Ligand code: DC
């Protein structure tokens with residue numbers, strides 16, 4: 001089998017799944033082990049949502065949101081602080097790493113991401129990074145739309161209960177206190193919007209390996225993903 005995105009040192013690993021399934025932690029660790037770049041595509045939608053809210057742009061104003069998306073100047077760089085972040089996110093020289101992680105942005109990012117024009121405005125940027133070499137990309141539509149030729153596709157899932165517990169713990173670590181019931185309701189609403197949208201709905205690619213992370217440790221899941229990489233990419237090297 002000839003794999004376009006699995007030659008020489010180039011490997012594209014697509015990790016999709018709903019919020020709270022463990023994509024970020026797993027993708028970052030897999031990237032570290034294969035010596036690749038970790039790109040969390042949700043950051044792009046979150047940054048756009050922040051810009052929209054700050055500029056008073058309505059979340060259903062598709063044309064204006066698409067204009068903001070085309071102008072989005074976002075940079076993702078290695079972590080400059082040891083406060084639990086996996087990377088820094090910069091918007092025009094401003095560190096917005098934590099500003100894009102509030103419950104308000106959770107909701108708004110999912111809303112801006114539902115628009116066709118917004119998604120197409122942000123596609124080029126994601127593909128450019130995806131084609132840059134060895135990269136692990138996390139999102140909702142990486143295996144289906146952004147990098148459909150990726151040789152390694154993984155769908156990470158977990159029960160709503162478990163995902164809500166993880167999300168509540170992450171928020172609590174940053175001093176944001178929310179009830180489990182509220183987190184569950186927010187996640188369920190976001191799942192519904194991400195999965196039911198007309199354009200690039202969240203779903204596993206047909207050739208994705210589905211991993212249920214309920215009751216599994218991060219190490220366990222990372223190893224499973226590495227195994228898939230070894231099976232599908234003969235060129236994979238990791239330490
Ligand atoms: O992965 P996350 O929670 O940071 O993503 C935030 C929102 O962005 C999510 O609710 C839907 C949207 N998103 C998307 O539509 N496609 C992606 N590839 C990544 C995120």
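Read-outs: derived from the displayed coordinates by stated rules, not from any lab. Because the structure is predicted, anything quoted here is derived from the model rather than measured. Note: ideal-geometry Cβ built from the backbone for every residue, glycine included; neighbour counts use all protein chains shown.
You can think of it this way: the chain between residue 37 and residue 227 has 66.6 nm of extra reach, that is 0.36 nm per residue less the Cα-Cα gap. Taking each residue as 0.36 nm, the span from residue 181 to residue 149 lengthens on full extension beyond its C-alpha to C-alpha distance by 7.7 nm.
Helix 103-112: angle to the longest alpha-carbon principal axis of the chain, degrees 0 to 90, nearest 10? On a 0 to 90 degree scale, this one is about 80.
Given their separation in residues at 0.36 nm each and the Cα-Cα distance between them, residue 62 and residue 192 gain 44.8 nm when the chain is fully extended. Once the C-beta distance of residue 94 and residue 161 is scaled by a Förster radius of 22 Å, the resulting FRET efficiency is 0.05 to the nearest 0.05.
Legend: ranking of residues 98, 155 from fewest to most surrounding C-beta atoms inside 10 Å; resulting order 98, 155.
With R₀ set to 25 Å, the beta-carbon distance separating residue 83 from residue 53 gives a calculated FRET efficiency near 0.60.
So what is the relative contact order of the chain, in percent, for Cα pairs below 8 Å that sit 6 or more residues apart? Reported relative contact order: 34 percent. What does the C-alpha gyration tensor say about the overall shape of segment 20-169? Classify as rounded when a/c is under 1.5, otherwise prolate if a/b is larger than b/c, or oblate. Because its axes are fairly even, with a/c under 1.5, segment 20-169 counts as rounded.
The ranking of 110, 217, 9 by Cβ neighbour count inside 10 Å, starting from the fewest, reads 217, 9, 110.
Grab the eigenvalues of the alpha-carbon gyration tensor for segment 93-239, scale each by 5, take roots, and send me the semi-axes largest first in whole angstrom.
26, 21, 16
What order do you get for 53, 48 when you list them from fewest to most C-beta neighbours inside 10 Å?
53, 48
For residue 75 and residue 199, what does the FRET efficiency come to when R0 = 41 Å and r is the distance between their Cβ atoms, rounded to the nearest 0.05? Approximately 0.95, to the nearest 0.05.
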